[in-house]
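Only one structure is covered here, and it is reproduced in the block below.
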Amino acid sequence: MQQIEPLNYGKFYHIYNRGINSCDLFHDTANYGYFLSLYEHHISPIADTYAWVLMKNHFHFLVKIKDECPISPDKVLNPVRVNDPSKYFSNLFNAYAQAFNKRYNRHGNLFERPFKRKLVEDMDYLKTMVINIHNNPVHHKFTEHAVDYPWSSYQTYISVKSTHLQRDTVIGWFDDFEGFKLAHDNHFDIKDMESWLWL
């Protein structure tokens, strides 16, 4: 039986998944935007987001589960269900799948189950995850540079607009903004990316 990594409060995780049988998850701009709005609704209450990318048939998020579970009116009735952070991710994926299936007149699962998650405890690996997530479109030859891909957090990092993304913290990991950009511009190791990608 497959061992599933639990999501524990106060820990960093690489959350990722793909369409079942590698099917597309996003067909047009509206799909990407809707997924992100659902992500904000379901995940922001229980996790801080450090990096993300949405690709045609898969996605990656680097998150830190917050230290405490948000208060829920049904926690007395069902404390285990409410206190399990993975339930919030499942709710996100189920909500998106239902809307996607209705729009495109399809049936059945949209995402592989269970969704993939990996505990990240090393600071160097956290930095590598940020770079690899932003360079995922480069790896898959969608673009030549992370800045040119619209559906990742990279453009938020080079923007001055307000954001719920943990921008200042991540830039601090690279010392400053120039260090952040330089780390992304430097040649990254494709074999290193393959070690955490299943595609």
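The values are calculated or read from the model by the stated rules, or taken from the named source; none is laboratory data. None of the values given here were measured: they were computed from a predicted structure. Counting neighbours? That spans all protein chains shown, and the Cβs are built from the backbone with ideal geometry, glycine included.
Observations on the model:
- Among residues of segment 101-119 that are in contact (Cβ under 8 Å) with a residue 12 or more places away in the chain, those with a Cβ under 8 angstrom from a residue that is part of a strand (DSSP E or B) and of a type in the set (Gly, Ala, Ser), sequence gap 6+ or separate chain, pair up as 110/19; 111/19; 112/19.
- Pick from segment 141-156, criterion assigned to a helix (DSSP H, G or I) and not aromatic (Phe, Trp, Tyr), ranking: nearest to residue 49 (Cα to Cα): 156
- Residues satisfying the stated conditions in segment 99-123, i.e. crowded, with 19+ Cβ neighbours inside 10 Å and among the aromatic types (Phe, Trp, Tyr): 100, 111
- Hits in segment 138-156 - residues which are modelled with pLDDT of 95 or more and crowded, with 19+ Cβ neighbours inside 10 Å: 149, 151, 152, 153, 154
- Residue selected from segment 157-169 under the condition part of a loop (DSSP other than H, G, I, E, B) and β-branched (Val, Ile, Thr), by the criterion modelled with the lowest pLDDT: 160
- Condition met for residue 126 (surrounded by fewer than 17 Cβ atoms within 10 Å (Cβ to Cβ), within 23 Å of residue 5 (Cβ to Cβ) and not aromatic (Phe, Trp, Tyr)): no
- Qualifying residue in segment 100-123 (condition: part of a helix (DSSP H, G or I) and either acidic (Asp, Glu) or in contact with a strand residue (DSSP E or B) (Cβ under 8 Å, 6 or more places away or on another chain) (or both)): no
- Residue 169 under 11 Å from residue 50 (Cβ atoms) and surrounded by fewer than 17 Cβ atoms within 10 Å (Cβ to Cβ): yes
- Filter result (in a loop (DSSP other than H, G, I, E, B) and touching a residue at least 60 places away in the same chain (Cβ under 8 Å)) within segment 129-140: 140
- In segment 181-195, the residue that is modelled with the highest pLDDT out of those that are within 19 Å of the chain's Cα centre (by Cα) and crowded, with 16+ Cβ neighbours inside 10 Å is 184.
- Residue that is out of contact with any helix residue (DSSP H, G or I) (no Cβ under 9 Å at 6 or more places or on another chain), in a loop (DSSP other than H, G, I, E, B) and either loosely packed, with under 14 Cβ neighbours inside 10 Å or modelled with pLDDT of 95 or more (or both), where the choices are 74, 67: 67
- Qualifying residues in segment 27-55 (those that are touching a residue at least 60 places away in the same chain (Cβ under 8 Å) and over 13 Å from the mean Cα position of the chain (by Cα)) - the one farthest from residue 174 (Cα to Cα): 27
- Scanning segment 1-57 for residues that are hydroxyl-bearing (Ser, Thr, Tyr), at pLDDT 95 or above and in a helix (DSSP H, G or I) turns up 29, 32, 34, 37, 39.
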